[in-house]
Amino acid sequence: MRRISKFGWLGGLLLLLLGGVARAQLLFPPPEFESGYRMPVTTTPPGRALWLQYLDVGVLAACLAVAVWLIYRPRSRRGIFWLSLFSLAYFGFYRKGCICPIGSPQNIAYGLLHPSYSVPVTVVAFFALPLIVALFFGRAFCAGVCPQGALQDFFLIKPIKVPAFLEHGLGLIPYLFLGAGIAYAATGTGFVICRYDPFVPIFRLSGSFFLLAAGVSFLLIGMFVGRPYCRFLCPYGALLKLGSLVSRWRVRVTPETCTQCRLCEHSCPFGALREPAPPGAPAPIPGERRTLGWLLVLLPVLIIAGALAGRALSPVAARLHPTVALAELYARQQQHPVVYGVMTPEALALARMAEQPGTVLEAAADLRGRFRLATAIFGAWFGLVVGIKLILLSLRVSRTDFEPDPGACFACARCFSSCPSERVRRGLPVVTVQPPVPAAASALAK
Amino acid sequence: MKPEFKLLDRREFVNFVSRSAALLGLAKVGSESATAATTSAEQTSTNAFAYDVSRLQKTDPKLIAYEEVTRWRSPRTSVRQIAIGPGDQVHVCAGHYISVFNPQGQPAAEVALTGPADSLAVASDGTIYAGLRDHVEVFDAKGQRQAVWAAPDRKSWLTGLAVGKQDVFAADSGKRVIWHFDLAGKLLGRVGEKNASQNAPGFIVPSPFLQVAIHADGLLRVNNIGRHQVEAYTFAGEFEGAWGRITTAIDGFCGCCNPIGFALLPDGRFVTAEKGLPRVKIYNHVGEFESVVAGAESFPENARACNGLNDCAHGGLDVGVDGQGRIYILDLVTSEVRVMKPRA
Amino acid sequence: MPNPPKSGQVNPVSRRQFFRNGARVAAMTGLGALTGVLATRGTAAGWVWQIDPAKCLRCGNCATHCVLEQSAVKCVQAYAQCGYCQLCTGFFAPEPNELTTAAENQLCPTSAIQRTFVEDPYYQYSIDENLCIGCGKCVEGCLRFGNGSFFLQIRHDRCLHCNECAIARVCPGEAFRRVPAQSPYLLKSVAK
């Protein structure tokens, strides 16, 4: 790595020299001073040192390892709590929310489709490490490494249960946000996931009023609805959810065999705890099969309908791209000229475009074509997500124990202490009162 | 989780489809109203930090004493200077060429140079002197190259030429001096360097626009652009006086360096050309403001955008005068030549 | 890597278990292929945002759209390109009352340009970056009448290196671009 960066330096220097030679001819020499005045040099303060960026990756890996250990070995909520505080301090208030894995899928998509942008190693690491961990251990990243999650978790006071239909309906948004983020990154429009992150402005203690207000609202809602952003918006959470669904090991409430005591039933503030299949006679199978059959037929229909709808909406979606927006402003200006103020951004953009209107119009036309494809794929993804959700809802429950849904579980370790077996394991007094300790109050309980 | 619905029958399916259609419609309406909202927001956006000189770009019409006779666009771009030769032939140096036009703007000839010229002078016998950055190329009236004079200094950047009966003066923006040659290219002396014994204040040249002219009174005139003055020197280098004052008002010169060009009317009055606020004005023989030939509003591209939105160092105007006192304005941005005559 | 949780889960592989294993292997393979592809054209140091002075239109957005309270964009001075003018149109308002450093004569809304006498008639102009808000007013003044030695740059000791620069997306000149972190400035070249 060291060698690479050294060569990079050399290359940069060479470029600078060549550029200097090429441009120097146009420039005019400064005065010749007689007083012995020495001309200052334009300073170029460097950015964050490379080793510090590798340190970020190291801290991420270490935090993930500690989180996994805390979840599976000591099964310690207190440990997770302190780890998340550290992450909040380091990745949140020290690193100010940049770099973070939530936006990284956009860099990956942008890098794959734009050869001029090579995804930095650190970003690849931030994208891949939490996912790999999720594939083996579940959402350890969400548990104690993600600063956004930690911030919301910190504000959780009195969790209420979100109705199932809302939980499932809103639970689709992260997939759509992920799809939209990737579509906008792939078309080179921008990184909307980063743009609309409500917590990064709080980490920075500055930002647009809209985003700061959104962040505060999320935190206020988060006092009663556990981690609203993580559950109903976070696009990276959607990826982690998919990974955790097939993870090798899973977080379980009990360290031993479940005795079906139901003491853990209300211990999850995030609605991730699933009850076992009801005992007694199962529903008649033929009816369920018919539903499933219908839904399987519906799936391709949804996908195609989504693709067509997405394609139809592509002109609207394309307007977010500055070049397309400029081309449209230019077209409007040709039909209904508007006098913009002196040196306003619009006036300047139009003046720039007027120098070479053809180039911008061509670029905009090309972008609109890309958007037709991107929005069609996004629409198909929309259909796929909805269809699969319907299919999953119609599938038969096979659980026999109270278990966290592996996808939805943030591995926060709150539910552990509600389990009598766990308390016995740790030599704690077993709670006999019903209902068990509310989740928030137990946040710091052993 | 328990299955949420037992059976998806036809009614339910129709219901579902119609609902999603309604939702999509709603989304469409929403996004379009959002677009409309953003569009109107765009139109009201402002720039609190605008550099606003629009007031200065308007000229009092009472001061304008000239009117346009004709104009044409040079077929070659990167124009730099204009000079009027015998028979009122219009010479324009544009990149690697000198274009010659008749007074109506019909192309008459073209002379190829070895590089881009920044300055130009035509002798009364039609000999063309072209100042390139580090040398002077001399052509006869037919365009045959006669001689090449190397510039006397490594730092030279020749930006102005004047030719008299026996002398050629080259204004050197790089070395900040006027070189005095004879007609054969022999260096005779230097004019205008800071020199207390000759009272010469020295040229302040922040950008390459130093020019020189030989006045009918027998003195040299040089635009000391950094001091916003036109200065007079004897051929021997004695400083004889200066006029011009710093102001954005119409009777003075503003910006870092103006006037960037000037020419002499047959009766000894001055025509000046400026950049930044592109305007052409007339001063009498002692430097008192008389009138405006063309104000900044006459050169909208030049005033708005320099040469492109970012390259103002190559914007501005240059002027020439023919035997009848008509003024030729060269627009360095649009490559246009405008011919102006006094208003009747 | 910690051991699997001790539990009685060591059953013979069920259909669901098999599916999960398969999906996990597929996901790992996909992730591996993706990182492999990215690694072949990866860079070590990454990118930072910077303004191309040749495209900057001095629209004022840099002062108002940075996520920082005070923008990380500052005016910088290419001294070698500066004319050291007495009447600096980047320093003085278009119509100054007199050529003094009194605030009402200055163009800069925050008086961030320091004017120091060098020798007759030259003055040095430097930027106090703690005061400069990156509005570009002086850049326009210098460019329009002068040599264009003032220009805007993102100062990387202040920039938060957002994944998406908030100014870049509203830049009317598309002047913002990612540059290699090893050479993070796009300086106006120096006259020789």
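The values are calculated or read from the model by the stated rules, or taken from the named source; none is laboratory data. Because the structure is predicted, anything quoted here is derived from the model rather than measured. Virtual Cβ from ideal backbone geometry, glycine too; neighbours counted across all protein chains shown. What goes into the accessible areas is simple: the full protein's heavy atoms, side chains included, and nothing from ligands, DNA or RNA. Shrake-Rupley method; radii C 1.70, N 1.55, O 1.52, S 1.80 Å.
Quick notes on this one:
- Any hit, region B:48-63, residues being at pLDDT 70 or above, open to solvent by less than 60 Å² (accessible area, probe 1.4 Å) and outside any loop (DSSP other than H, G, I, E, B): yes
- Candidates B:Ile178, B:Ile214, filtered to the one that is in contact (Cβ under 8 Å) with a residue 40 or more places away in the chain, open to solvent by 40 Å² or more (accessible area, probe 1.4 Å) and not small (Gly, Ala, Ser): B:Ile214
- Residue in region A:312-326 that is surrounded by fewer than 16 Cβ atoms within 10 Å (Cβ to Cβ) and either within 12 Å of chain C (Cβ to nearest Cβ) or not charged (D, E, K, R) (or both) present: yes
- The one condition in (1) without any contact (Cβ under 8 Å) to a residue 60 or more places away in the chain; (2) within 13 Å of chain B (Cβ to nearest Cβ); (3) not in a helix (DSSP H, G or I) that C:Arg144 fails to fulfil: (3)
- Conditions (1) part of a loop (DSSP other than H, G, I, E, B); (2) within 21 Å of C:Arg20 (Cβ to Cβ); (3) more than 14 Å from chain C (Cβ to nearest Cβ); (4) of a type in the set (Gly, Ala, Ser): number failed by A:Gly271: (2)
Residues checked against (1) farther than 21 Å from B:Leu187 by Cβ; (2) among the polar types (S, T, N, Q); (3) assigned to a loop (DSSP other than H, G, I, E, B):
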residue: B:Val205; (1), (2), (3): no, no, yes
residue: B:Asn223; (1), (2), (3): yes, yes, no
residue: B:Ala232; (1), (2), (3): yes, no, no
residue: B:Phe235; (1), (2), (3): no, no, yes
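- Only one entry in B:Gly287, B:Gly255, B:Gly276, B:Gly315 is out of contact with any Asp or Glu (no Cβ under 8 Å at 6 or more places or on another chain), within 11 Å of chain C (Cβ to nearest Cβ) and farther than 27 Å from B:Gln89 by Cα, namely B:Gly276.
- Checking each residue in region A:209-240 for being over 18 Å from the mean Cα position of the chain (by Cα) and buried (at least 21 other Cβ atoms within 10 Å of the Cβ) picks out only A:Val225.
- Being hydroxyl-bearing (Ser, Thr, Tyr), at the interface with another protein chain (Cβ under 10 Å from one of its Cβ atoms) and free of Cβ contacts under 8 Å to residues at least 12 places away in the same chain is a property that holds for A:Thr344.
- Note on region A:241-258: among residues that are farther than 17 Å from A:His168 by Cα and either at pLDDT 95 or above or among the small types (Gly, Ala, Ser) (or both), the one that is surrounded by the fewest Cβ atoms within 10 Å (Cβ to Cβ) is A:Ser247.
- Per the listing C:Leu187, C:Leu160, the residue uniquely open to solvent by 20 Å² or more (accessible area, probe 1.4 Å), at the interface with another protein chain (Cβ under 7 Å from one of its Cβ atoms) and closer than 15 Å to C:Pro53 by Cβ is C:Leu187.
- The single condition among (1) away from every other protein chain (no Cβ under 14 Å); (2) buried (at least 20 other Cβ atoms within 10 Å of the Cβ) that A:Val123 does not meet is (1).
- B:Val168 being out of contact with any Ser or Thr (no Cβ under 9 Å at 6 or more places or on another chain), crowded, with 16+ Cβ neighbours inside 10 Å and not hydroxyl-bearing (Ser, Thr, Tyr): yes
- C:Ile133 open to solvent by 20 Å² or more (accessible area, probe 1.4 Å), under 30 Å from A:Leu52 (Cβ atoms), touching a residue at least 24 places away in the same chain (Cβ under 8 Å) and within 12 Å of chain B (Cβ to nearest Cβ): yes
- Selection of region A:294-307 for residues being closer than 16 Å to A:Arg396 by Cβ and more than 9 Å from chain B (Cβ to nearest Cβ) yields only A:Leu296.
- Residue count for region A:48-83, restricted to those that are open to solvent by less than 30 Å² (accessible area, probe 1.4 Å) and part of a loop (DSSP other than H, G, I, E, B): 2
- Test: C:Ala72 is open to solvent by less than 10 Å² (accessible area, probe 1.4 Å) and either in contact with a Cys (Cβ under 8 Å, 6 or more places away or on another chain) or on the phi < 0 side of the Ramachandran plot (or both): yes
- Consider region B:151-161 and keep the residues that are in a strand (DSSP E or B) and either modelled with pLDDT under 95 or within 14 Å of chain A (Cβ to nearest Cβ) (or both). The one that is nearest to B:Pro86 (Cα to Cα) is B:Thr159.
- Applying the condition of being open to solvent by 50 Å² or more (accessible area, probe 1.4 Å) and without any contact (Cβ under 8 Å) to a residue 40 or more places away in the chain to region A:367-415 and asking which residue is nearest to A:Ala185 (Cα to Cα) yields A:Leu373.
- Residue ID - nearest to the chain's Cα centre (by Cα), chosen from residues in region A:155-179 that are within 12 Å of chain B (Cβ to nearest Cβ) and surrounded by 16 or more Cβ atoms within 10 Å (Cβ to Cβ): A:Leu176
- All told, C:Ala63 meets the bar of being open to solvent by less than 30 Å² (accessible area, probe 1.4 Å), within 9 Å of chain B (Cβ to nearest Cβ) and either under 30 Å from A:Pro120 (Cα atoms) or modelled with pLDDT of 95 or more (or both).
- Residues in region B:78-125 that are within 23 Å of B:Glu68 (Cβ to Cβ), open to solvent by less than 20 Å² (accessible area, probe 1.4 Å) and either β-branched (Val, Ile, Thr) or not in a strand (DSSP E or B) (or both): 7 in all.
- Residue match in region A:33-45 (condition: crowded, with 18+ Cβ neighbours inside 10 Å, facing chain C (nearest Cβ under 7 Å) and without any contact (Cβ under 8 Å) to a residue 24 or more places away in the chain): yes
- Note on region B:124-157: residues that are under 26 Å from the mean Cα position of the chain (by Cα) and within 21 Å of B:Val90 (Cβ to Cβ) total 13.
- Residue within region C:138-155 that is open to solvent by 30 Å² or more (accessible area, probe 1.4 Å) and closer than 30 Å to A:Cys98 by Cβ present: no
Okay, residues lined up against (1) in contact with an Asp or Glu (Cβ under 7 Å, 6 or more places away or on another chain); (2) at the interface with another protein chain (Cβ under 10 Å from one of its Cβ atoms); (3) on the phi > 0 side of the Ramachandran plot; (4) of a type in the set (A, V, I, L, M, F, W, C):
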| position | (1), (2), (3), (4) |
| --- | --- |
| A:Gly111 | no, yes, no, no |
| A:Pro130 | no, no, no, no |
| A:Ala140 | no, no, no, yes |
| A:Val145 | no, no, no, yes |
| A:Gln152 | no, no, no, no |
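- Residue in region A:94-104 that is in a helix (DSSP H, G or I), at pLDDT 95 or above, farther than 27 Å from A:Pro201 by Cβ and at the interface with chain C (Cβ under 9 Å from one of its Cβ atoms) present: no
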